[in-house]
Amino acid sequence: MAPKSILKKSTVSTNEPSASSPFTQRHRDTALHHANLIEQQKVVEKEVLQSIITLLDFPTSPDADPTRPAPSDALRFQDLIISFQTSDYDSLIEERNIADKCGYALCPRPKKKAPSSARKQFIETDKGVEIVDKKTLEVWCSEDCARRALYVKVQLSEEPAWMRRGGVGDKIELLVENAAEHHKALPLRLKQAPASKPVVEEEEEDIAGAWAARDDALADLALERGEKPGRLSKANRELLQTDIKERVQSTPPAPPEPPQSSGQSHMAIEGHVPRANKSNESDDEDGQDWDKHLPG
Amino acid sequence: MDDRNNISPAMIRMWRVYRTVKEMCMDRGYEMLQEDTEIPLEVFNARFSKEDGEPDRTRMHFSCQPTEAMLAKYSDPPTAKIPHPVPQIGTIWVEFNSDENVGLKQLRDYMQHLVNGNFYSGIMICSKPMTGMALRLLRGSAGIEEGPKGGVEVFVEQDLLVNITKHELVPKHVLLSKEEKQQLLERYRLRETQLPRIQVTDPVAKYLGLRRGQVVKIIRKSETAGRYASYRWAI
Ligand SMILES: [Zn+2]
């Protein structure tokens, strides 16, 4: 008896899947999908690089005030970072720092200089002297800029723009003192506003009213959903790590506050140095604001 | 004075890097005197050390011209229409960056300097790796508006402490001219895509400054076959 072949009978060999079979079609679709993603990735990466180069020279005026930025600068900034990942934003800060500038793109001042050139620095806080990396000291020009910059950062997505199924989010909000000017500069508002400007004052009031109403509505919505503004919990911190862009914002984002004591040093972001000088205030306000905009 | 003990470790380190860079330029085909690649430590120390004994990188820059042989290698084969093709190589500017952190600012300033000085290409040697964004700019820099025609290459000092091509296990790599490449493909009736490949990021490819599409001949010594050559297409 002839030895039996250990190989399987090749029954399929005669009818190989034709080019149009669903099997190869699926493979082709997958390949195409990946090719598209890679293409989009290249485009986004180039855009981000160009945006960072542009923002290296921001703000456009050397005596700009980061608390009251020119509407044109603010709009451009918001536009340019819409497709940023948090890591891209970190890169922006890094590149500005290398150019000796404050990490916040709307600030024209130089970054803070550490008192000495030592790698570790001693910083006086209410809790006593703390040891901090020199690098983390030299990121911002001031606490205020740190706050404004981080306010932007928490709104950015961890997910690369080419992977975001919901597309890029709407708008990144800024922390500004001259909000009225900026609201007027919003494209949305411009569409509704008549081109004639004889009643500027009234209009400004109008706009401010509209925005206040919007904020109220958002706050109501948040309440309705049973969201209670609470302190920064571990769960909330984890929420921060994930993509916050794809969800509906229930309340207008609120500024993150610098952490208050060494007990909260885990909150330090972006090398922002903990400085406890607010111990007199009741601290639940800060905790609230920090995560108020996150869906519960 | 010429006792090695009086020379700082940083200075000795920098001397090694400097010599490797000079050798690299010579091996690529730039005009370079052998003795330039063999600068003694004492001479180097006297020329480039600061008062505190640390290397003064800002004074170490230099430029070099391609030799006739190199110009020929980087030219298209002459045709009836174009009897004197323009070589795709030119003066190179080599700079040693002394900044602690190198990012977009330094890279763009460097590119601007190359363009202003009419340099064909440039090599920047940094003490630490550049930022991710600077690398991103570098990857896209060959052939874009911003930089010089021949692009910019960046090395980290650490990678130049020894000359890898002098290691006994590294076979000799020789760049083929465009004409030689054509002859090779014709002789074996090959398309270039059929050749085995070498990444332009390969350490030897980086050392030689290989560009995508070029072909290198790799000459190995074999106990059984004497010397044998293989070819690789840079991608
Ligand atoms: Zn600032």
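Observations on the model:
- If a spin label sat at a point 7 angstrom from the Cα of B:Glu68 along the line to its beta carbon, no backbone N atom of the range B:79-103 would be nearer than 13 Å.
- The range B:3-160: antiparallel DSSP beta bridges as a percent of all, rounded to 5: 35
- The distance between label points at A:Arg164 and A:Gln78 comes to 1.5 nm (points 7 Å beyond Cα on the Cα→Cβ vector).
- Theoretical FRET efficiency, 1/(1+(r/R0)^6), r = Cβ-Cβ of B:Arg16 and A:Asp65, R0 56 Å, to 0.05: 0.65
- Overall, the accessible surface of the range B:3-160 at a probe of 1.4 angstrom is composed of carbon and sulfur to the extent of 49 percent.
- Segment B:Lys128-B:Leu33, length gained on full extension (0.36 nm per residue, minus Cα span): 31.3 nm
- In plain terms, the C-alpha convex hull of the range B:164-234 casts an average shadow of 5.0 nm² when viewed from every direction.
- Links that overshoot a 29 Å alpha carbon limit, given the list A:Lys113/B:Lys149; A:Lys135/B:Lys105; A:Lys113/B:Lys206; A:Lys134/B:Lys206; B:Lys105/B:Lys166; A:Lys42/B:Lys206: A:Lys113/B:Lys149; A:Lys113/B:Lys206; A:Lys134/B:Lys206; B:Lys105/B:Lys166
- Rounded if a/c under 1.5, otherwise prolate or oblate - the range B:3-160, Cα gyration tensor axes: oblate
- Between chain B and chain A, the total buried accessible area stands at approximately 1200 Å², from heavy atoms with a 1.4 Å probe.
- Exposure ranking of A:His34, B:His113 by accessible area [1.4 Å probe, largest first]: A:His34, B:His113
- Rounded to 0.05, the FRET efficiency of the B:Val170 and B:Leu41 pair, given R0 = 25 Å and the Cβ-Cβ distance, is 0.50.
- Kirkwood analysis of the range A:45-173, using all unique Cα-Cα pairs, places the hydrodynamic radius at 15.6 Å.
- Here the label points at A:Ser87 and A:Glu47, each 7 Å from Cα along the C-beta direction, are separated by 1.8 nm in the simple model.
- Across chain B, the relative contact order, built from alpha-carbon pairs under 8 Å that are at least six residues apart, equals 16 percent.
- Over 29 Å (Cα to Cα) - which of A:Lys101/B:Lys128; A:Lys46/A:Lys120; A:Lys111/A:Lys153 fall in this group: A:Lys46/A:Lys120
- Where labels lie 7 Å past Cα in the beta-carbon direction, separation of B:Asp109 and A:Ala31 in nm: 4.8
- Accessible area per residue, Å², the range B:164-234 with all protein chains present, probe 1.4 Å: 70
The values are calculated or read from the model by the stated rules, or taken from the named source; none is laboratory data. Remember, it's a predicted structure, so these values are computed and weren't measured experimentally. FYI the Cβ positions are ideal-geometry reconstructions off the backbone, even for glycines, and counts take in every protein chain you see. Only protein heavy atoms, including side chains, enter the accessible area calculation; ligands, DNA and RNA are left aside. Shrake-Rupley method; radii C 1.70, N 1.55, O 1.52, S 1.80 Å.
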